[in-house]
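The values are calculated or read from the model by the stated rules, or taken from the named source; none is laboratory data. Computed from a predicted structure; not experimentally measured. Here the Cβ positions follow ideal geometry from the backbone for every residue, glycine too, while neighbour counts run over all protein chains shown.
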């Protein structure tokens, strides 16, 4: 950028500032960050005016104060070179820097309390799985990439977060001021990036129609509220999956569900189990294994991944539910709170907790993926490495108490 171009753009920016245009802040910040203003040839006075105007346009929010301090410190370094330099202005600028830094410190302390010296007993969730490298490592990396790629903010949107126009005008097509994106919301992103996600290394399809099933395997279920039954298809007839009895069910019955899977598509996936007598290609062993143990609970498809969690139920409960964006694939997820060992297991399962010392005092439960077609949806397709189910550790109810703040106001 030539000096003439820079000076012309500077005048444009300062005109936006005078008019209190919402786009001034993001454009000015981008200009400051993208260019060496001194190398371009702008005078110290011009640089100082732009930097001060930008700092004053920042949203008055503590989380923006680090940006404000950076700009004010730049202005302080420029001030002696300008025609504005005087002792009073230097003192005022230094005071504003110290004040902003102090307020930023209060904010940081509130957001990230100092826990040095405190003993925090981290609760361990101990996982048993027949594909631990995938579920514990690969899947979590893929989930992080998935959400960052989906909701990551553009450079312009990140810049716009720092500013709020005092006088807004209707300007929906101006991308320089657009900042109301899901990725900018802390709680929204925390529910995705700070959670443990279960997914599958193969594509999954759930449909009410048999056409275009995926190539690894297909399971068929009769499923409705209150009742479900596994089926198979033989000689152009629907039969019982259990004993082959021919059933009088039409292929277009609205209660049928066809669940199919593709071959494994995650390159890093490893699986050492499976029935060698079936002589399946390596990339089909795991999908077939999962679908063979898949079942239904009423209208829900229950995908069994043998993902077992051990936890201290006296302190921790486990909230499991459909991944936050599951609805976009035409599916809804079941949800539940695991507070102790699953009561329906057989006695030998409970005896496991006595076999090894690390299991003493721990509860266990299996996290199965429960999926339901959304109302009005005939077919749902979920690509491999898409978050399906999410696990959130929470405090056991015995470990917290909800109270009314007015109680403490009265006591003080």
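In the condition set (1) modelled with pLDDT of 95 or more; (2) closer than 30 Å to residue 241 by Cα, residue 142 is compliant with all but (2). Of the residues contained in segment 149-161, none is found to be surrounded by 15 or more Cβ atoms within 10 Å (Cβ to Cβ) and touching a strand residue (DSSP E or B) at 6+ places or on another chain (Cβ under 9 Å). Return yes when residue 263 is part of a strand (DSSP E or B), in contact with a helix residue (DSSP H, G or I) (Cβ under 7 Å, 6 or more places away or on another chain) and over 22 Å from residue 138 (Cα atoms) and no when it is not. For residue 263, the condition - part of a strand (DSSP E or B), in contact with a helix residue (DSSP H, G or I) (Cβ under 7 Å, 6 or more places away or on another chain) and over 22 Å from residue 138 (Cα atoms) - is not met.
Conditions (1) surrounded by 16 or more Cβ atoms within 10 Å (Cβ to Cβ); (2) in contact with a helix residue (DSSP H, G or I) (Cβ under 8 Å, 6 or more places away or on another chain); (3) at positive phi, marked per residue:
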{"position": "243", "(1), (2), (3)": "no, no, no"}
{"position": "252", "(1), (2), (3)": "no, no, no"}
{"position": "268", "(1), (2), (3)": "no, yes, no"}
{"position": "273", "(1), (2), (3)": "no, yes, no"}
{"position": "297", "(1), (2), (3)": "no, no, no"}
{"position": "324", "(1), (2), (3)": "yes, yes, no"}
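Yes or no: residue 226 surrounded by fewer than 18 Cβ atoms within 10 Å (Cβ to Cβ), farther than 30 Å from residue 123 by Cβ and at pLDDT 95 or above? Judged against the criteria, residue 226 is a match.
Only one of the numbered conditions (1) within 22 Å of residue 266 (Cα to Cα); (2) surrounded by fewer than 15 Cβ atoms within 10 Å (Cβ to Cβ) is violated by residue 192, and that is (2).
In the condition set (1) free of Cβ contacts under 8 Å to residues at least 24 places away in the same chain; (2) surrounded by fewer than 17 Cβ atoms within 10 Å (Cβ to Cβ), residue 124 is compliant with all but (1). Residue count for segment 366-386, restricted to those that are under 23 Å from residue 127 (Cα atoms) and assigned to a strand (DSSP E or B): 4. Inside segment 162-182, residues that are under 30 Å from residue 391 (Cβ atoms) and surrounded by 18 or more Cβ atoms within 10 Å (Cβ to Cβ) make up a count of 0. Looking across 58, 89, 27, one residue alone is without any contact (Cβ under 8 Å) to a residue 12 or more places away in the chain and surrounded by 12 or more Cβ atoms within 10 Å (Cβ to Cβ). It is 89. Looking across segment 290-316, the residues that are within 21 Å of residue 387 (Cβ to Cβ) and in a helix (DSSP H, G or I) come down to 290, 291. The one condition from (1) more than 18 Å from residue 164 (Cα to Cα); (2) in a helix (DSSP H, G or I); (3) more than 36 Å from the chain's Cα centre (by Cα) that residue 52 does not meet is (1). Inside segment 387-412, residues that are part of a loop (DSSP other than H, G, I, E, B) and farther than 24 Å from residue 256 by Cβ make up a count of 8.
Of the residues 188, 151, 170, 221, the single one that is on the phi < 0 side of the Ramachandran plot and in the same structural domain as residue 381 (by TED's automatic domain parsing) is 221. Can you tell me how many residues in segment 74-86 are surrounded by fewer than 16 Cβ atoms within 10 Å (Cβ to Cβ) and part of a helix (DSSP H, G or I)? Total meeting the criteria: 3.
Here the condition is being closer than 30 Å to residue 396 by Cα and without any contact (Cβ under 8 Å) to a residue 40 or more places away in the chain; of 340, 267, 293, it holds for 340 alone.
The single condition among (1) within 25 Å of the chain's Cα centre (by Cα); (2) surrounded by fewer than 19 Cβ atoms within 10 Å (Cβ to Cβ); (3) assigned to a strand (DSSP E or B) that residue 239 does not meet is (1).
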